[in-house]
1. Assess whether Ala176 counts as being in contact (Cβ under 8 Å) with a residue 24 or more places away in the chain, in contact with a Ser or Thr (Cβ under 9 Å, 6 or more places away or on another chain) and either among the β-branched types (Val, Ile, Thr) or within 13 Å of the ligand (Cβ to nearest atom) (or both).
2. May I ask you to say which residue of Ile156, Ile96 is of a type in the set (Val, Ile, Thr), within 16 Å of the ligand (Cβ to nearest atom) and assigned to a strand (DSSP E or B)?
3. How many residues are within 12 Å of the ligand (Cβ to nearest atom) and either among the β-branched types (Val, Ile, Thr) or not assigned by TED's automatic domain parsing to the domain that holds Val170 (or both) when one looks only at the range 99-126?
4. List the residue pairs whose Cβ atoms are under 8 Å apart, where the first residue sits in the range 320-339 and is aliphatic (A, V, I, L, M), the second is assigned to a loop (DSSP other than H, G, I, E, B), and the two are 6 or more positions apart or on different chains.
5. Step by step: first the residues of the range 107-124, then only those that are part of a strand (DSSP E or B) and in contact with a Phe, Trp or Tyr (Cβ under 7 Å, 6 or more places away or on another chain), then the one that is nearest to Ala146 (Cα to Cα). Which residue is that?
6. Given the options Ser206, Ser282, Ser300, name the one that is at pLDDT 95 or above, hydroxyl-bearing (Ser, Thr, Tyr), in the same structural domain as Val380 (by TED's automatic domain parsing) and surrounded by fewer than 23 Cβ atoms within 10 Å (Cβ to Cβ).
7. If we keep just the residues of the range 1-22 that are crowded, with 22+ Cβ neighbours inside 10 Å and among the small types (Gly, Ala, Ser), which is nearest to the chain's Cα centre (by Cα)?
8. Those residues that are in contact with a strand residue (DSSP E or B) (Cβ under 7 Å, 6 or more places away or on another chain) and among the hydrophobic types (A, V, I, L, M, F, W, C), I need them from the range 159-182; list them, please.
Amino acid sequence: MSEILVEGLHRLRGEIGIQGSKNAALPMMAAAVLHKGMTVLNNVPRIQDVFCMMGILKSIGCKCSLDGHTLTIDASEISQTQIPREFLTAMRSSVILMGVLLGRCREAQAGYPGGCTIGKRPIDLHLYALKEMGTQIRETDGELYARTEGLKGSEILFSYPSVGATEQAVLAAVLADGVTLIQGAAREPEIGNLCRLLNHMGAKISGIESDTLRIIGVNELKDTVYDIPGDRIVAGTYLYAVMAAGGEAVLRGICPAELNRVFQTARQMGAKLEWENLPGASFIKVQINDRPDGIWVKTSPYPGFPTDLQSPLMALMAAGNGNGEIRETVFEERFGTAEELRKLGARIEIQKDRARIHGMYPLRGETVQAADLRGGAALVIAGLAAEGVTKIQNSHHIFRGYEDICGDLQALGARVRYKDLIQRPYTKTGECTRNL
Ligand code: EPZ
């Protein structure tokens, strides 16, 4: 399996552009299936999850081509309405295609997505929304069969602001008959980006960026070209990487306003930050000279501190100065990386939903295992603050969401590389250059 090698204790300095957002791209690819025509998405990240979603779209009859970072989707024909189980197992977020297929074809079939290393990850809120809109769903042997006589606009009240369930309800409502009101909606930026794309395509969605979305169903959509925004979680990961190694960097191509709560943590830890929010010229500049201080942080739905940066922050604090604590309120099992960080000398105590971290610098390079996407990225961060070489095995998890974590950090002066590769994991034309 792919390994990443990190030689620690080198300060970083430089400027990089941030890739397109994984968690914005995936629902936007699903949105393209609502339209019997062409959708072109720019700034698409070349990551495993995007290739997986392309595989699903092709399996249901769409034509997809990725040229550089431009993805063209022709969804004129849908040949079948079953989401193949192997894809759902690989990427549970593809379950949002159910609402799309119900809206387009009045039926959908999908394997029940299981849990993963970060939690049980039920889909009860997804199914609640679809049933409220007139869907009959039965489960047989772990397979969901959904049918509708035609989705109807309805009032949906979410008991929890689930990102995926909100996307599911929005996508199902676009072609429904009548008006849908979604209350208790998630407010993550990816929801706003999805709604703006859909409105570009001809949908009628209001209340964007609030927790109450109103969608007036339409009969058809139109060909659209749309730019995917930069990935706020990748930007936050690299911000913490610079803080772990020490130094300074400029990160371009993201919307700083989406990282307010992350900036607060960085400043509390002693980093100097500047940022500009000009369209097309946005950047974040981070500088730090001393070891980052430990702080208290609680993860929560947007605009709170993002759970996806919880393990990168834990890695940073593990190599920091003083004590810190992280409370994880979104996923029930997202402290798995602590065990691997301890192999590098980190002092972390886990008690239920809290991680207490006692900073230790430098850490020591060892061989560790990535177990999930953000946990793997956290191990790279810890390696930057470790004496010697840290070998991260099972780093294919990282490729799910980071287009080229080694190339990006190398551009900032980090000594980090793929063990069995001398180039980025995917070539410009999309061939995979590594064994996953
Ligand atoms: C999205 O997952 C992201 N994935 C996750 O990013 C992110 O961590 C998460 O939102 C929270 O921000 C994508 O966008 C592809 P949720 P999602 O539904 O939609 C519970 C990454 O690293 N819940 O908001 O699955 C659930 O168990 C990934 O990029 C229900 O109880 O997240 C969890 O505790 C990891 N019932 C909480 O809500 C439901 O029907 C948040 O889940 C749905 C969710």
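The values are calculated or read from the model by the stated rules, or taken from the named source; none is laboratory data. No experiment lies behind these values; they were computed from the predicted model shown. FYI the Cβ positions are ideal-geometry reconstructions off the backbone, even for glycines, and counts take in every protein chain you see.
1. It is false that Ala176 is in contact (Cβ under 8 Å) with a residue 24 or more places away in the chain, in contact with a Ser or Thr (Cβ under 9 Å, 6 or more places away or on another chain) and either among the β-branched types (Val, Ile, Thr) or within 13 Å of the ligand (Cβ to nearest atom) (or both).
2. Ile156
3. The qualifying residues number 3.
4. Partner pairs satisfying both residue conditions: Val330/Ser300; Val330/Pro301; Ala338/Ala346.
5. Gln109
6. The conditions single out Ser300.
7. That would be Ser21.
8. Within the range 159-182, Ala169, Val170, Ala173, Val174, Ala176, Val179, Leu181, Ile182 meet the criteria.
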